[in-house]
Every structure is written in structure tokens, then in C-alpha cells.
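The structure under discussion appears below in the form of C-alpha cells.
The values are calculated or read from the model by the stated rules, or taken from the named source; none is laboratory data. Everything numeric in this text was worked out from a predicted model, so none of it was measured. Virtual Cβ from ideal backbone geometry, glycine too; neighbours counted across all protein chains shown.
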Amino acid sequence: MCGIIGFVGNPGSDQLRRILIGGLERMEYRGYDSAGMAWLEEDGCIRVVKTQGKVADLDRALNGIPVKGCVGIAHTRWATHGPPSDINAHPHTDQPNRMAQIALVHNGIIDNASVLRERLRQEGREFVSETDTEVLAVLIGKFLEHGDDLVTAIQRTHALVKGAYAIVVLLKRGTGQLVAACHGSPLVVGVGEGCTFVASDRLAFVGTAKKTLFLEDDEMVILTADSYDHRTLANQQVERELVELRISLDAIAKGGQKHFMLKEILEQPTVITNTLTGRVIDGPEPRVHLGGLRTKIEIGGRSMTIGDFLQNHLERVVITACGTSWHAGLIGERMLEALLGLPVKVVYASEFITGFTPINNRTLVITISQSGETKDTIEAARKAKRQGAIVWNISNVVGSTLSRVADSGVYLHVGPEIGVASTKAFTAQIVALALFTLKLVELRNPAWVTDTRRQEIANALLALPAQMERVVADAKHARDIAFQFACRSRWLCRCFKYLAQSRTPRSVSWLMRLIGASNALYLGRGYNFHAALEGALKLKEISYVHADGYAAGEMKHGSIALIDKRMPVVVIVPEKGEDEETYARVISNIEEVAARKGRVILIASEGDSNPEELRCGGKVERILWIPKTLAMLTPVLASIHLQLLAYHIAEMRGCPIDQPRNLAKSVTVE
Ligand code: F6R
């Protein structure tokens with residue numbers, strides 16, 4: 001939520017604008033309702049340009065304005081306090097226009113902003129925006145007026161505010177310096193040749209900065225072009241090593257695709273290999289290698305590794321996450337319960353924070369987060385640790401806040417996920433949970449899991465990249481089916497245009513027949529129930545079509561009332577061979593939908609499934625096939641079809657796929 005960046009260097013003419021706009025573009029996934037920039041003009045005064053709209057609108061607003069200078073800050077916003085508007089956009093200043101002593105960008109929420117604002121108003125200070133951020137700017141300005149230097153003014157402000165923030169502050173007539181500080185919101189420093197950065201995300205300076213370091217809570221940094229002074233907000237010097245920034249420019253480009261989301265869906269077969277590499281050691285007795293298990297922890301005054309803890313002390317698992325990562329958690333719950341017989345509970349992180357989940361020092365809390373920066377999940381991890389649990393984190397972003405808060409964990413290594421809708425991280429999270437489960441089986445050796453079963457799971461994991469490749473190769477089928485959902489009369493023109501471009505005339509007749517879907521149901525049993533939840537979420541968030549995911553057997557208890565000839569129902573069918581009973585039950589559910597004229601689309605496994613039986617006497621409209629795998633891994637393959645379906649529907653409806661309305665990728669507020 002909100003992306004902030006600060007830069008100090010000696011860029012050539014007009015380079016400051018390019019650097020800051022480029023950084024904002026790469027952080028636009030964090031918010032995109034308004035954007036702004038501030039820099040020092042030649043006379044030492046602060047110039048601010050800001051606008052409602054996207055980063056591209058800010059770039060246009062800067063046309064004709066010479067942005068020259070060595071130091072600047074910028075912001076892309078996801079509104080919390082005050083609606084998106086030019087005035088509410090950041091940077092904010094302590095005083096209007098050229099009177100400003102400072103300009104400031106902020107990510108986070110100041111909980112006591114209204115109390116502080118009132119107090120400052122009574123002192124005669126004026127506010128122009130509705131934001132909590134302006135309170136920070138005015139407070140810092142007030143301390144500067146009282147004779148403090150900028151660092152002290154920030155420290156005194158920190159002592160007064162409650163809430164979360166990461167800020168970068170630009171000082172009038174400052175001597176090529178920026179000061180940044182954080183408390184509860186992420187901030188990362190980048191160091192390049194003759195320049196330094198600070199930003200909400202390292203992506204902002206990939207390609208320019210070579211080294212990086214994350215700030216911890218209650219730390220600050222004073223940047224000049226060739227140095228950084230790193231201290232706590234209590235003025236203690238911090239010595240933390242810079243680490244190499246290993247993200248390539250290619251990894252953050254669209255790779256020739258129209259949207260990041262499509263690129264990220266299609267690259268899943270390749271990147272999932274990174275999640276698996278070196279972690280499954282094949283052989284007659286397959287072993288799982290997870291380096292994080294060697295981390296030392298203290299339990300009741302005794303030192304042990306996390307591996308020892310899992311083997312000898314673990315009694316209960318709690319999984320906590322948000323959104324798509326929570327869906328992965330549900331799949332993990334099923335794996336752990338089925339293979340280990342361990343009691344597992346999955347809790348939304350936002351509920352975990354405020355609710356009561358029994359936890360002690362024999363509980364493992366697994367946090368799952370693509371970004372590792374989701375505020376609710378971070379707070380859940382902190383609470384779990386306070387209650388004595390061991391926290392194992394699954395995230396994609398190396399060095400993220402969650403990975404630092406947790407005791408240990410595993411990275412997904414699927415590369416930056418930039419599309420707001422999570423895709424490749426979801427399938428990798430399932431794989432990471434399967435690896436973890438298999439490792440626990442190895443450590444705890446439950447009597448009911450034979451060596452053959454362990455071997456089967458390891459083989460199924462290793463087969464996934466090639467199988468995912470086959471599903472991706474089938475991508476055009478999802479696009480065909482998308483017409484069923486997407487085409488309502490007011491979108492007909494767009495759909496026809498799309499059809500003409502995609503050269504699939506066969507679909508025209510479908511289009512005519514199936515106009516009108518504005519709701520959808522996703523059904524599945526067992527592991528596929530959770531895949532259904534995720535399929536529905538994908539559709540909702542990027543196409544704005546209302547969709548619900550249900551346990552297929554639960555449908556008859558209510559949602560069946562919704563089914564009529566206009567309702568598309570996507571059913572994820574389990575493979576027949578592994579669990580014939582569940583398969584038969586799902587076939588009955590399909591019949592129930594078809595009997596009410598629902599428009600059934602299936603995702604089914606090749607292998608033992610009988611296509612004729614699946615078509616239910618021709619009542620099923622389309623089947624999307626996935627290669628045969630174990631039930632626990634079916635969601636990995638089925639999700640690719642579900643993601644593509646959502647993508648194509650959104651594309652036909654003309655939705656802004658990588659930046660859906662009201663959403664932001666990294667939810668850094670509670
Ligand atoms: C949905 C989506 C969100 C995230 C959720 C948690 O496509 O992306 O539901 O899954 O905001 O984000 P992370 O995984 O970064 O904690």
C-alpha cells in the first residue's frame with residue numbers, strides 16, 4: 001500500500017525525473033490512485049508536483065517542468081485517509097508552496113492523526129489535506145521551527161505518533177541529503193555508484209543500485225550521494241552489512257506479454273523448478289532438504305534446531321495468511337492432517353491478531369505471504385512469537401519483513417510477482433507446503449505413510465514442471481471458455497474484436513449462445529474445494545464478476561438456488577483412480593447443476609477419468625484437462641486453467657488486469 005522512493009545522486013539533466021518515475025512505475029502495484037514528486041530547485045526551495053491518477057499521469061503533469069537536481073522523493077498512493085485527489089496526493093509539506101521547510105512521502109497509517117491534528121490546529125497550524133500524512137509533515141516542520149535539526153525533528157515526531165509509517169523527508173536548502181525512517185512499514189536502502197536510494201521495495205532501484213539493506217523497525221537512515229548513516233530512532237549507530245541485489249531487469253519486465261499477470265501465469269512451469277531445485281533429493285528413500293530447519297531456537301531454556309523441534313516437540317500447527325496465501329494455507333492444512341495426523345488450524349491473519357487461537361511453545365505457526373510485507377500476517381507472526389510459538393514463514397521476497405520476524409522458513413524463489421492478482425506465488429506456496437509436509441513425514445515417520453507413498457509424492461512433485469508446461473500449452477482453451485462468462489451485450493463489440501484477433505471463429509457461436517453471465521460458481525471437494533475458492537477470488541478481483549467458491553457437497557444447502565441457465569459453474573473434478581468415492585460424488589454434483597440448466601465447465605484429470613461419464617450425457621459444456629497427479633497437487637495444475645480463465649474474462653471485459661480497482665498488491669495496513 002503506497003510506494004515511496006527517495007534518491008540522492010548526481011544525475012545528468014532531467015535524469016532525476018526518469019529515476020523517480022521509473023521507481024514509482026515499478027512500485028505501482030502498491031497503489032495507483034494518485035502520485036507525486038518533490039525535489040530541490042536550484043535556489044534550494046522545494047518544488048512539489050502531484051496529481052490524482054496513475055504514475056503516467058504524474059509523468060504527463062511534469063511535462064514542460066524542468067526537474068533538475070540531485071535529490072528527490074516520490075510517491076504512488078493507495079488511499080486510506082481522504083479520497084484520491086490532487087490535494088491528498090503525496091508529497092505533503094509542512095507549509096504551502098515555497099514556504100515549505102520540508103516535503104515528505106509516507107507509507108502506513110497514523111492512528112492518532114486526528115488527535116494530533118486537532119492539537120496542532122489549536123496551536124494555529126493549518127492543514128490543506130484530509131490525510132494523516134500531513135500531520136507528520138506539520139509536526140516535523142514545527143520542531144524545525146523550534147530549532148531542531150531534521151534528524152531530531154523526526155525522532156521527536158516518532159515519539160508522538162502511534163501507528164505505522166515509513167517516511168522519506170526532503171529538507172529545504174538541505175545539502176544533498178535525505179532522511180528516511182520506519183516503524184511498522186517496510187523501507188529498504190539501495191546503494192549504487194555515486195547514488196543512494198531508499199524505497200518501499202527493492203524493485204524500485206533494480207538496475208541502478210547494486211547493494212541493498214532492509215531497515216528494521218525504529219531505524220532511520222541519512223542518505224547522501226555516496227554514503228548512508230544508519231541508526232536507530234534512539235540514535236544508536238547500526239552496523240548491518242549490505243547484501244548484493246540479485247534481481248535482473250528481465251525479471252521485472254513483462255517478457256513480451258501484454259500484462260504481468262499473463263507473463264506470471266505462463267512462466268509457472270519454469271519458475272516452479274526454482275522452488276523445487278535442491279529440495280527433493282531423489283532416490284529409493286527420497287529426502288527433502290530445507291535449509292531453514294537447521295536454524296537454532298530456544299524452547300523452555302533448551303537450545304535445539306527447528307528440525308529437532310518438529311521431530312520431537314511439535315504438537316499442533318496453526319497456519320495464518322491472507323487472501324490467496326490463505327487458500328494455499330487451507331491446502332497445506334489438508335496435507336498435514338492427511339499425512340501426519342497433526343491437528344492443524346488455518347486462521348485469517350486479520351482474525352488471528354484479534355481473536356484467541358490457543359498457542360504454546362509446542363505449536364508451529366506457519367505464516368504464508370508472497371510479499372512478506374502483509375501487515376496482518378506480520379502482526380500475526382509477532383503475536384504468535386509473543387505467545388511462545390515457533391514461526392515458520394513461507395514467502396517469496398527474500399529479506400522481507402516476515403522472513404525477518406519469523407524464526408525461520410522457506411523462500412519460493414519464483415521471481416518478483418508484480419501483477420496484483422497472485423498467480424505463480426500461489427502454486428509455489430502449495431509446492432512449498434508439500435515439501436514441508438514431506439519433510440515432516442521424513443522426520444516423524446508416521447506408520448501409515450509407507451516408503452512407496454513417500455516416493456510417489458516426491459515423484460509427483462518432480463513431475464510438476466513438465467505437467468505445468470502441458471497445461472500452459474493448452475492455454476487457448478481457457479480463452480475460448482472465457483467468452484461464456486464475459487459476453488454481455490454491452491461488451492459484444494469488444495468480444496467480437498477480440499475473437500477476430502484471436503482467430504477462434506468457432507467461439508462465435510458460443511458467444512451468441514452464452515451471453516449474459518455476471519455471476520459464477522466454482523465447486524470442488526477436498527483439495528479442489530480450496531482451488532475453487534482461489535478460482536473464484538481470481539475472477540472477482542480482476543474481472544469484477546461476482547463469483548463464489550463452494551465445497552461441491554455444500555452447494556445443495558443454499559447456493560443451488562442461484563443456478564439457472566445463465567450461471568456458469570466451474571467444477572474441479574478429482575482424478576478417479578485415487579479416490580473413486582469422491583469422484584462419484586462430484587459427478588452427482590455435476591448432474592445436480594446440469595439438471596437445473598447450469599452451464600457446467602469442468603477441470604478434470606486425464607488418466608482414469610472417463611470423458612463420456614464426465615460429460616454427463618452432453619450436459620457439460622466444456623472440459624479443460626490437466627495431467628494426472630496426486631490429489632494433493634491437483635490444485636497446482638487446475639489453478640493454471642483457473643488463472644487463465646479469469647485473465648481472459650477480465651481482458652475481454654476491458655479491465656485493468658495488473659491494477660484492479662481498489663486493490664494493491666502489498667497490503668501494508670491492518
Ligand atoms: C489475490 C491476492 C491477495 C494476496 C493477499 C496476501 O490475488 O494477491 O489476496 O494473496 O493480499 O498477500 P501476501 O501473500 O503478499 O501476504
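Search region 354-380 for residues being touching a residue at least 60 places away in the same chain (Cβ under 8 Å) and among the small types (Gly, Ala, Ser), and hand back the single one that is surrounded by the most Cβ atoms within 10 Å (Cβ to Cβ).
Checking each candidate, the answer is Ala380.
Residue-by-condition table, conditions (1) surrounded by fewer than 24 Cβ atoms within 10 Å (Cβ to Cβ); (2) out of contact with any helix residue (DSSP H, G or I) (no Cβ under 7 Å at 6 or more places or on another chain); (3) without any contact (Cβ under 8 Å) to a residue 60 or more places away in the chain; (4) under 23 Å from Asp376 (Cα atoms):
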residue: Ala159; (1), (2), (3), (4): yes, yes, yes, no
residue: Ala166; (1), (2), (3), (4): no, yes, no, yes
residue: Val198; (1), (2), (3), (4): no, yes, no, no
residue: Gly207; (1), (2), (3), (4): yes, yes, yes, no
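Here's the yes/no breakdown for (1) outside the structural domain of Lys375 (by TED's automatic domain parsing); (2) charged (D, E, K, R); (3) more than 25 Å from Ile297 (Cα to Cα):
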position	(1), (2), (3)
Ser400	no, no, no
Asp407	no, yes, no
His413	no, no, no
Val420	no, no, yes
Gln429	no, no, no
Thr437	no, no, no
Glu442	no, yes, no
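Restricting the first residue to region 33-57 and requiring it to be without any contact (Cβ under 8 Å) to a residue 40 or more places away in the chain and more than 16 Å from Leu20 (Cα to Cα), which pairs with a second residue that is among the hydrophobic types (A, V, I, L, M, F, W, C) and outside any strand (DSSP E or B) meet a Cβ separation below 7 Å and a spacing of at least six or different chains?
Listed by first residue and then by second, the contacts come to Gln52/Ala89.
Could you check how many residues of region 522-565 are within 16 Å of Asn589 (Cβ to Cβ), among the aromatic types (Phe, Trp, Tyr) and within 16 Å of the ligand (Cβ to nearest atom)?
Qualifying residue count for the region: 1.
Hey, could you check region 623-670 for residues that are of a type in the set (Lys, Arg) and more than 17 Å from Ala473 (Cβ to Cβ) and say which is farthest from the ligand (Cβ to nearest atom)?
The extreme case among them is Arg653.
Would you check which residues across region 339-352 are within 16 Å of the ligand (Cβ to nearest atom) and buried (at least 20 other Cβ atoms within 10 Å of the Cβ) and list them?
Listed by number, the residues that qualify are Val346, Ala349, Phe352.
Is it the case that region 28-46 has a residue that's over 24 Å from Arg202 (Cβ atoms) and part of a helix (DSSP H, G or I)?
There is no residue in region 28-46 that is over 24 Å from Arg202 (Cβ atoms) and part of a helix (DSSP H, G or I).
One line per residue, one yes/no per condition, for (1) of a type in the set (Asp, Glu); (2) over 30 Å from Asn445 (Cα atoms):
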{"site": "Val206", "(1), (2)": "no, yes"}
{"site": "Thr224", "(1), (2)": "no, yes"}
{"site": "Gln236", "(1), (2)": "no, yes"}
{"site": "Leu242", "(1), (2)": "no, yes"}
{"site": "Arg246", "(1), (2)": "no, yes"}
{"site": "Ala253", "(1), (2)": "no, yes"}
{"site": "Ile272", "(1), (2)": "no, no"}
{"site": "Glu285", "(1), (2)": "yes, no"}
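Return the total of residues in region 370-401 being among the aliphatic types (A, V, I, L, M), modelled with pLDDT of 95 or more and within 13 Å of the ligand (Cβ to nearest atom).
The number of residues fulfilling the criteria is 4.
Is there a residue being in a strand (DSSP E or B), over 26 Å from Ala164 (Cβ atoms) and not hydroxyl-bearing (Ser, Thr, Tyr) anywhere in region 362-379?
yes
Find the residue count for region 23-65, including only residues that are out of contact with any helix residue (DSSP H, G or I) (no Cβ under 9 Å at 6 or more places or on another chain), at pLDDT below 95 and crowded, with 17+ Cβ neighbours inside 10 Å.
4
What single numbered condition from (1) within 19 Å of the chain's Cα centre (by Cα); (2) away from the ligand (no atom under 13 Å from the Cβ); (3) not small (Gly, Ala, Ser) fails to hold for Thr367?
Condition not satisfied by Thr367: (2).
Has region 658-666 got any residue that is in the same structural domain as Glu541 (by TED's automatic domain parsing) and crowded, with 19+ Cβ neighbours inside 10 Å?
no
Given the residues Gly323, Gly301, Gly278, which is the only one that is surrounded by 14 or more Cβ atoms within 10 Å (Cβ to Cβ) and at positive phi?
Result of the check over Gly323, Gly301, Gly278: Gly323.
Name the pairs whose Cβ atoms lie under 7 Å apart, with the first residue in region 565-579 and closer than 14 Å to Ala552 by Cα, the second in a loop (DSSP other than H, G, I, E, B) and of a type in the set (Lys, Arg), and 6 or more positions between them or separate chains?
From residues that are closer than 14 Å to Ala552 by Cα, the pairs are Pro574/Arg525.
Which number in (1) more than 9 Å from the ligand (Cβ to nearest atom); (2) part of a loop (DSSP other than H, G, I, E, B); (3) surrounded by fewer than 24 Cβ atoms within 10 Å (Cβ to Cβ) marks the one condition that Val414 misses?
Unmet for Val414, out of (1) more than 9 Å from the ligand (Cβ to nearest atom); (2) part of a loop (DSSP other than H, G, I, E, B); (3) surrounded by fewer than 24 Cβ atoms within 10 Å (Cβ to Cβ): (3).
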